[in-house]
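Heads up, the thing below is written out as structure tokens.
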Amino acid sequence: MDFSDTVREHEALIYKLRRDLHRIPEPAYTEKKTSAYIADYLRKEGFEVTEGIAKTGVVALLPLSGPGKTLLIRSDIDALPIKEETGLPFASQHPGAMHACGHDAHMAMVLGAATILKKIGKELKGNIKFVFQPAEEGPGGAKPMIEEGVMDDPHVDYAIGCHLWPAIPEGTVGVRAGRLMAAMDRFDIRIIGKGGHGAMPHLCVDALEIGTQVVGAIQRIVSRQMNPQVPTVVTVGSFHAGTTFNIIPGTAEMSGTTRTFDKGVWKSWPERMERIIRGVCEAMGAGYELKYSQGYPPLVNDDWMSDIVRQCAAEMIGEEKVVEPEPTMGGEDMAFFLEKAKGCFYFLGVGREGGAPLHNSKFDFNEQVMLTGVELYCRIAFRLLGS
């Protein structure tokens, strides 16, 4: 089958879908216009649609010509709280919100693939679930969707998804088996001391000074307790204590993030951090509060599924344009789907000279990249579900 010609016939539609969705960006769990647009479009195309999964998630089911496996194709749908500065004629109509991470393209590609596969998938067996997931940018919508049954009825055997990626050249596809993206957690710490006069530290418990000890101690978890061959990061990104020059603060507050590719390390972080903070504070006579929020697990691609994606991409664009990207410390809750089914999450290259990065107010891309994404979804579906 000539997938390329079929996708080209839908080029204008794919661009329209992206531009329509780009105009109505909505941050996590507020994606009401977005999910309504998706659901309305899919119903008009004749799909069985379920709305309201994990608040604003949408699922469309495509039963094929006979019993077989079920493939899940996923897109995230949320936007970022960024004021758009692209100058595009279809720029955000929602002040302070923007699709600055390519989720508008992700949605358009999955909708485009759904449209095409419904027309040409008569020889396929099984089912395809098209999943439109809220809140990828946090706090995460994949896990709630799974808890509400998105992997069941019918049971999902395979899961795929992709992300626009400026770190690899435009026109390439990045596929990596195994660990691709890191686990991503957040922590918030409050040190409780005793404030007082800056001239009388002996009468105080200096929360600011104790807080700096805590920062140094948790940073040393990585350098002195972790295997140096397992990439791990801890970053304190916010520290607040005190109000003026001559008052010793009674409290200090800090927040940060941990990242790792190792699931064992990921699971150990709350206990390690609690132990370190408790030790420092007890030694200095202070109290503390720790809120440790475990976010997304490491994203690990199945070897066999990665080979399928790599082969389909090579058939389409040539082996020389299929690259192996470096693992990234960025997090992605597609990881939860890949814990439940064989799957692969891959990158579509949009890198070009002078291009803005993800999460930037001027982020944009060459829309023709979406045609590659749609065709690759179709090829993978035919490879996995074809008779």
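Rule-based calculations on the coordinates, nothing more; no lab input. What you are looking at is a predicted structure, and each value in this text was computed from that prediction instead of being measured. Because the Cβ atoms are built from the backbone with ideal geometry, glycine has one as well, and the counts that use them run over all protein chains shown.
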**Request:** For ARG19 paired with LYS119, estimate the spin-label separation in nm (one decimal), with each label point 7 Å from Cα along the Cα-to-Cβ line.
**Result:** 1.9 nm
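Taking a threshold of 26 Å on the Cα-Cα distance, which of the pairs LYS69/LYS122; LYS16/LYS362; LYS291/LYS342; LYS263/LYS362; LYS291/LYS362; LYS83/LYS143 fall above it? The partial results should precede the final answer.
Working: LYS69/LYS122 15 Å; LYS16/LYS362 20 Å; LYS291/LYS342 33 Å; LYS263/LYS362 35 Å; LYS291/LYS362 34 Å; LYS83/LYS143 29 Å.
Too far apart for the 26 Å limit: LYS291/LYS342; LYS263/LYS362; LYS291/LYS362; LYS83/LYS143.
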**Prompt:** In whole Å, what is the distance between the alpha-carbon centres of segment 282-335 and segment 347-376?
**Reply:** 19 Å
**Request:** Return the loop-located chymotrypsin sites (Phe, Trp or Tyr not before Pro) in segment 204-282 (DSSP other than H, G, I, E, B) with at most 14 other Cβ atoms within 10 Å of their own Cβ; answer none if there are none.
**Result:** PHE245
**Asked** Alpha carbon centre of segment 12-64 versus segment 223-260: separation in Å?
**Response** 40 Å
**Asked** Which value in Å does the Kirkwood hydrodynamic radius of the chain take, with 1/r averaged over all unlike C-alpha pairs and then inverted?
**Response** 22.5 Å
**Message:** If I take R0 = 25 Å and measure r between the Cβ atoms of THR6 and GLU45 in this structure, what FRET efficiency does the formula 1/(1 + (r/R0)^6) give, to the nearest 0.05?
**Reply:** 0.95
**Request:** For a footprinting-style exposure proxy, rank ILE160, ILE192 by other Cβ within 10 Å, fewest first.
**Result:** ILE192, ILE160
**Item:** Length released on extending from GLU253 to GLU148, taking residue separation times 0.36 nm less the Cα-Cα span
**Value:** 34.2 nm
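Taking N as the number of residues in segment 183-296, what is its alpha-carbon radius of gyration divided by 2.2 N^0.38 Å?
My calculation over the Cα atoms of segment 183-296 gives 1.13.
Rounded to the nearest 5, what % of the DSSP beta bridges within the chain are antiparallel ones?
Of the beta bridges lying entirely in the chain, close to 70 percent run antiparallel.
When the Kirkwood hydrodynamic radius is evaluated over all pairs of different C-alpha atoms of segment 230-387, what value in angstrom, to one decimal, is obtained?
Across segment 230-387, the inverse of the average 1/r is 19.9 Å.
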**Prompt:** Using 1/(1 + (r/R0)^6) with R0 = 35 angstrom and r between the beta carbons of ALA217 and MET329, what's the FRET efficiency to the nearest 0.05?
**Reply:** 0.95
**Fill in**
Expressed in nanometres to one decimal, the distance between label points 7 Å along Cα→Cβ at SER361 and PHE90 is 2.3 nm
**Message:** Please compute the Kirkwood hydrodynamic radius of segment 242-300 from all pairs of different C-alpha atoms, in Å with one decimal.
**Reply:** 13.9 Å
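Count neighbours as other Cβ atoms within 10 Å of each site's Cβ, and list the chymotrypsin sites (Phe, Trp or Tyr not before Pro) in segment 47-156 that are DSSP loop with at most 15 such neighbours.
Details: sites: PHE47, PHE90, PHE130, PHE132; in loops: PHE47, PHE90.
Answer in residue order: PHE90.
Quick one: net charge of ALA313's neighbours, Cβ under 14 Å, K/R +1, D/E -1?
-1
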**Message:** Quick check: the angle from helix 32-44's long axis to the longest principal axis of the chain, C-alpha only, nearest 10 degrees?
**Reply:** 20 degrees
**Asked** With r defined as the distance between the Cβ atoms of ARG278 and GLN229 and R0 fixed at 35 Å, what FRET efficiency is calculated, to the nearest 0.05?
**Response** 0.75
